[in-house]
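The values are calculated or read from the model by the stated rules, or taken from the named source; none is laboratory data. Keep in mind that this is a model prediction, so the values were computed, not measured. Here Cβ is always computed from backbone atoms with ideal geometry, including for glycine, and neighbour counts include all displayed protein chains. Accessible surface areas use protein heavy atoms only, side chains included; no ligands, DNA or RNA. Shrake-Rupley method; radii C 1.70, N 1.55, O 1.52, S 1.80 Å.
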Amino acid sequence: MRPVLEIDGLSVEFASARGPVAAVNDLSFAIGEGETVALVGESGSGKSTAAMAILRLIASPPGRVVKGRVLFEGVDLLGLSPADLRKVRGDRIGMIFQDPMMALNPVYTVARQIAEVLEVHRGLAGRAALDEVVSLLRLVGVPAPETRAGQYPHNLSGGMRQRVMIAMALECKPRLLIADEPTTALDVTVQAQVLRLIEDLKSRLGMSVLLITHDMGVVSQSAHRVVVMYAGRKVEEGATRDLFAAPRHPYTQGLLRAARRARADDGTLWEIRGTVPSPHAMPPGCGFAPRCDCARAACAAAVPELTRTADGHEVRCIVAAEGAA
Amino acid sequence: MTAPVLEVVDLVKHYPVRRGPFEPRKIVHALDGVSLTVRRGETLAIVGESGCGKSTLARCLLRLEDPTGGTIRLHGADITSLDADAMRPLRRHVQIVFQDPYASLNPRWSIGTLMADPLRLHTKLSRAERRVRAAELLAIVGLGGEFLERYPHELSGGQRQRVAIARALAVEPDAIICDEPVSALDVSIQAQVINLLMRLRREFGIALVFISHDLSLVKHIADRIAVMYLGQIVELADAAGMREGAKHPYSRALFAAAPTVDPVPGVSCEAPIGGDVPSPIDPPSGCRFHTRCAFAKDDCALTAPSLRAVEGRSVRCHYAGELDFARWAGGSS
């Protein structure tokens, strides 16, 4: 079966005063039909840049896709003309962002912003568009949708705004939803509601989801598969249950231990020492080597290759690869 | 027995608001009858969703806000209505670390200048002595002397938060109020900052008031946890009791909604409550949670429950202790 989205060797760099900086390096992964894949990493890992690059939303300059392909239903999005790309964006691929207040236009009513998408992609206008807006708002669980449709973003709570964003992303029944930290700005009880809504709509509309997040709790709850990024590179990929039960890369192990609030021997919280390397001063070999307890001389010599184990798990670490062999 | 570091009794903070030029004046009930104590050297966590009043409470504890009613005591002395001049010498007792170290450090000051500032205001040290003390303080939070010459933009988020903590430490406080101190940081860095705060508490006996929405974190680090909803404390218990299971339906739902890394099979993390927090301008009658509570009965809308002792903790619910949480999907967390 052909995957819905296939990212193949994607590299993105940004121009800076100190020369080009690689934000994403040789990233490859695929999302199958009806699958939820989580792209996980901390700030600077390149996860959001990768997501933006899929829809060619990276401002250029300073950003530039250096190489790679983004195959959506077999077509390379990076090669499409602007007109063809517009037909995909918001229609076949929907996107929701972390901060709905930034993504919604404050001077348009809810109805007008949602109707704009309907007009562009489905040619709906007037009464027909408004009816569709109201039924969409009802679908995403907005109470009193007729009233809400006439209101402005500032009249809505954070959870309601995120629901409006989801309604906008879903109105053309996309094959793929890209959700960049969709619940980070929300309170936990509202977060639970929004995650459940996405799950619900996913099974009803049969779409695939790319979930970008730093929250391992959200990942464990929603994703089938996890791609872990560190310093611009994929360091591990595997089925969620498998990866959470037996992480192979020392970074993934550390991340999960920190997320579980595990204790060190002296009773303090377990921590990953040091900080993420600056993109201007990337270590020559494995990006995680300076913070890694298992690192040896070879780790600093060259970037480790991705190793695939029998169960389809991938890891970029020479120590883990030896253990698996 | 010594007096607690901080004590608030029946604290009330109302903000008058007017939504438009012809609209009647209304009142935001940010805090309504909050009572709690901060004991020496303890970690007290205050949790709740946005708008519950936890940050207003923090600002009142620091006397950055004038409370509308109630009493605030610092080491047993009433500071509720002291003016700015009278407060100034007392400010060194209670310090604050904010969520966003990008916003709380002046970007045009070097770390050395930032560190010397509280020392200049609160001590009689000379310029040279301040410099030495600043380096000592940075060493305590794990930063080398070379940071004195740097500027905030050259530091990572975790390093900036260390500087903010070192500044709070400069005046040898008895309590540090930490308002979401790690929520802007990556999870691998969070533990470093938490461990630092915990070490300071142990070594210097500083009480920590930890304001957070991260329930998985506070369950692990706090001695006591207060859960707030719409300006009131709905449950106050020690952390072990909270880990065993909250007794108020709201705190129960809040802890159940937090996604865990290792979900228990068969238990969904879905919040057993729907809807949004009501507006603090017109809080619901009776129990403020009754509009979202699965267990609400008729009298919940009529009479407001008071905070009462239930099984070794305080709970603001008429029916606490008799509720069957097994009815909920997420109830067994």
- State, to one decimal in nm, how far the label point of A:Lys67 lies from the label point of B:Ser183, with both points 7 Å from Cα in the Cβ direction. 4.3 nm
- For region A:168-325, what is the Kirkwood hydrodynamic radius in Å, using each pair of distinct C-alpha atoms? 17.5 Å
- Item | GNM result for chain B, Cα springs below 10 Å: residue of B:Leu302, B:Leu105, B:Leu11 fluctuating most strongly | B:Leu302
- Exposure rank, largest accessible area first [B:Cys60, A:Cys294, B:Cys287; 1.4 Å]: A:Cys294, B:Cys287, B:Cys60
- Nearest-0.05 FRET efficiency for A:Glu116 and B:Ala294 at R0 = 41 Å, using Cβ-Cβ distance, is 0.55
- Taking N as the residue count of region A:94-171, its alpha carbon Rg divided by 2.2 N^0.38 Å gives 0.96
- A correct Karplus calculation of ³J(HN,Hα) over region A:71-85, with 6.51 cos²θ - 1.76 cosθ + 1.60, θ = phi - 60°, whole Hz and x for Gly and Pro, returns 8, 10, 6, x, 9, 6, 5, 6, x, 6, 6, x, 5, 5, 5
- Cβ-defined net charge surrounding B:Leu143, 13 Å radius [Lys, Arg +1; Asp, Glu -1]: 0
- Message: Can you show me the helix-derived [θ] at 222 nm for the protein assembly as shown, built from DSSP H runs with n ≥ 4 at -39,500 (n - 2.57) apiece and divided by the number of residues, rounded to the nearest 500.
- Response: -9000 deg cm²/dmol
- Rounded, prolate or oblate: which one fits the protein assembly as shown, using the alpha carbon gyration tensor with axes a ≥ b ≥ c (rounded when a/c is under 1.5, else prolate when a/b beats b/c, else oblate)? oblate
- For region B:129-217, max minus min Cα coordinate along each principal axis, in Å, sorted largest first? 41, 29, 16
- If you take the Cα atoms of region A:233-324, find Rg, then find the Kirkwood Rh from the mean of 1/r over all pairs, what is Rg/Rh? 0.97
- Among A:Gly238, A:Gly267, A:Gly44, the residue with the largest mean-square fluctuation in a Gaussian network model of chain A built from Cα contacts under 10 Å is A:Gly267
- Note on the structure: Here FRET efficiency (C-beta to C-beta, A:Ala300 to A:Lys173, R₀ 56 Å, nearest 0.05) is 0.70
- Message: Can you bin every Cα-Cα distance in region A:181-222 into 10 Å intervals starting at zero and give me the percent of pairs per bin, rounded to whole numbers?
- Response: 27, 60, 13
- With labels modelled as points extended 7 Å from the Cα through the Cβ direction, what inter-label distance (nm, one decimal) is found for A:Glu33 paired with A:Arg2? 1.2 nm
- Kirkwood Rh over Cα pairs of region B:32-188 into Stokes-Einstein at 25 °C, 0.890 mPa s: D in µm²/s? 145 µm²/s
- Can you give the percent of C-alpha pairs in region B:1-125 whose distance is more than 19 Å? 60 percent
- Task: Sort largest first and round to whole Å: the equivalent ellipsoid semi-axes of region A:1-118, each the square root of five times a Cα gyration tensor eigenvalue.
- Result: 24, 20, 15
- Item | Inter-label distance, nm, simple model (7 Å from Cα along the C-beta direction), B:Arg133/A:Gln151 | 5.2 nm
- Compute the long axis of helix A:110-122 from its Cα atoms, compare it with the longest principal axis of the Cα atoms of chain A, and write down the angle in degrees, 0 to 90, nearest 10. 80 degrees
- Message: I'd like the projected area of region B:203-242, averaged over all directions, using the convex hull of its alpha carbons. Report it in nm² with one decimal.
- Response: 3.3 nm²
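Of all the C-alpha pairs in chain B, what % are more than 32 Å from each other?
On the way: 19106 of 55278 pairs.
Here the long-distance tail beyond 32 Å is 35 percent of all Cα pairs in chain B.
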- Message: Run the numbers for B:Glu172 and B:Glu322: contour at 0.36 nm per residue of separation, minus the present Cα-Cα distance, in nm.
- Response: 49.4 nm
- Item | Relative contact order %, chain B, counting alpha carbon pairs below 8 Å whose residues are six or more apart | 20 percent
- So what are the ³J(HN,Hα) numbers for region A:222-231, from phi and the Karplus equation (6.51, -1.76, 1.60; θ = phi - 60°), rounded to whole Hz, Gly and Pro as x? 10, 9, 7, 9, 10, 10, 9, 10, 9, 6
- List the relative contact order of chain A as a percent without decimals, with contacts defined as Cα pairs under 8 Å and 6+ residues apart. 20 percent
- Of B:Asp179, B:Asp78, B:Asp32, the most mobile residue in a GNM of chain B (C-alpha springs, cutoff 10 Å) is B:Asp78
- Query: If you line up the Cα atoms of chain A on their principal axes, what length do they span on each, largest first, in Å?
  - Reply: 68, 48, 43
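Between B:Met87 and A:Ala262, what FRET efficiency follows from the Cβ-Cβ distance if R0 is 30 Å, with the result rounded to 0.05?
For R0 = 30 Å, the calculated efficiency reads 0.10.
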- Treating only Lys and Arg (+1) and Asp and Glu (-1) as charged, each at its beta carbon, one finds that chain A has a dipole about its Cα centre, in Debye to the nearest 20, of 280 debye
- Note on the structure: Checked against the positive end of the charge dipole of chain B (+1 on Cβ of Lys and Arg, -1 on Cβ of Asp and Glu, about the Cα centre), the farthest of B:His220, B:Val277, B:Leu11 is B:Leu11
- Here the net charge surrounding A:Met160, from other residues whose Cβ is less than 11 Å away from its Cβ (Lys, Arg +1; Asp, Glu -1), is +2
